[in-house]
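The next block holds one structure in the form of structure tokens; read it before the comments.
The values are calculated or read from the model by the stated rules, or taken from the named source; none is laboratory data. Note that the coordinates shown come from a computational prediction; the quantities given were computed from them, not determined experimentally. Cβ sites come from the backbone with ideal geometry, for glycine too, and all protein chains shown count toward neighbours. Calculation scope for accessible area: heavy atoms of the full protein, side chains included, ligands and nucleic acids excluded. Shrake-Rupley method; radii C 1.70, N 1.55, O 1.52, S 1.80 Å.
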Amino acid sequence: MDGFPNLDLGLPPLQKEGQAYFIAGIELWDWWVEARGQAIAHTVPIAELEWLLQEVAELDRLALRLGSFQHQLQIQLKLPLSGLEQLWQQRLQARVPVQYLIGRVHWRHFVLRVSPAVLIPRPETEILIDLAIAATQLQKPSLETSHWADLGTGSGAIALGLATAFPDGLIHAVDTSTAALKIAQLNAQQLNLAEQIQFYQGSWLEPLHHLKGRFSGIVSNPPYIPSALVPELQPEVAWHEPHLALDGGPDGLAAIRHLVTQVPDYLKPGGLLLIEMMAGQGPAVLQLLSQQGSYHSIELHTDLAGIERFALAHRRFTDTCLSVI
């Protein structure tokens, strides 16, 4: 790692090129024991401390769990112990997400770069890709080829997932944030998927007007938190993740309402719209899709906790076709 995301936070990089730091195993062990106690006191999962130390010291989880590293004469670190302590205090005191501290996150089978410019991809969002795959397998003619869009791409996670799921398709990733697009493009380059994904700076579907009626699928994890609830989110989210990716307007449905209305013009017949939403928004989103009149086979799907989190709908084939729930 080159520490790129940490520069955005004003923190020391995890590794300076050509520079290494060394520490006795017993000294790192003493720090580890103290840090574990601090994690418990601050209700921070021990797993996050393990993750941080794995990145800084390149120790595996078994060595951490057994404490065997304390017997090593020398351990190489990516930054001095004082820098590690600074990162850890940022996690404890400022509630900076560990993903931002180390600058990356595991999502699906990817390791993605992240910074405070992008929302941290969550495990439940992986289900969007699984739902898209399942929907295309049932659709005749097939939707696997042609154009797909990821609206509000952020780190590029969904676009990258679509690119690997549909290797014969062309993915169009849109975000209004230029800083987020830089992260998404970097991830695409590092995963050798840049040639399959086109990136656009703009608001939702505006940059894609030249592709109206040609999309097999449009996928989005839009902002869906009601404005009044954003400050009440846990500090890791409310203080550090971009509000642009969180704030869904007074009722949380502003972006979803816009997409439901505009997307039909961009889908080819049978093409799908797939949206992530907040717990409890299912009935309202179902009503929006039904009343719009351009969709059929409307479905709600649950996340890993069994909560209705995703809405899936297909563009109807003819104007006389009625929406079916």
Next item on the list: Would you please list the contacts, defined by Cβ atoms under 7 Å and residues six or more apart or on different chains, that run from a residue in region 273-298 that is closer than 20 Å to residue 126 by Cβ to a residue that is of a type in the set (S, T, N, Q) and crowded, with 20+ Cβ neighbours inside 10 Å?
Entry: 275/220; 276/125; 276/221
Checklist line | All positions within region 37-47 that are modelled with pLDDT of 95 or more and assigned to a helix (DSSP H, G or I) | finding: 37, 38, 39, 40, 41
Next item on the list: For region 107-130, name all the residues that are of a type in the set (A, V, I, L, M) and assigned to a strand (DSSP E or B).
Entry: 111, 112
Item checked: Within region 256-285, tally of residues that are under 26 Å from residue 147 (Cβ atoms) and assigned to a helix (DSSP H, G or I) -> 11
Next item on the list: Provide a single number: the residues in region 241-275 that are open to solvent by less than 40 Å² (accessible area, probe 1.4 Å) and not aromatic (Phe, Trp, Tyr).
Entry: 21
Notebook entry, point to check: Exactly one of (1) out of contact with any Ser or Thr (no Cβ under 8 Å at 6 or more places or on another chain); (2) assigned to a loop (DSSP other than H, G, I, E, B) is unmet by residue 88. Its number?
Noted result: (2)
Notebook entry, point to check: Looking at 83, 103, which is the one that is open to solvent by less than 20 Å² (accessible area, probe 1.4 Å) and at positive phi?
Noted result: 103
Item checked: Count - residues of region 208-223 that are buried (at least 19 other Cβ atoms within 10 Å of the Cβ) and over 18 Å from the mean Cα position of the chain (by Cα) -> 4
Check: Does region 79-106 hold any residues that are more than 22 Å from residue 30 (Cα to Cα) and of a type in the set (A, V, I, L, M, F, W, C), and which are they?
Finding: 94, 96, 105
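Listed here are the residues, each with its yes/no results for (1) part of a helix (DSSP H, G or I); (2) open to solvent by less than 60 Å² (accessible area, probe 1.4 Å); (3) modelled with pLDDT under 90; (4) of a type in the set (S, T, N, Q).
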{"site": "8", "(1), (2), (3), (4)": "yes, no, yes, no"}
{"site": "14", "(1), (2), (3), (4)": "no, yes, yes, no"}
{"site": "54", "(1), (2), (3), (4)": "yes, yes, no, yes"}
{"site": "62", "(1), (2), (3), (4)": "yes, no, yes, no"}
{"site": "65", "(1), (2), (3), (4)": "yes, no, yes, no"}
{"site": "70", "(1), (2), (3), (4)": "yes, yes, no, yes"}
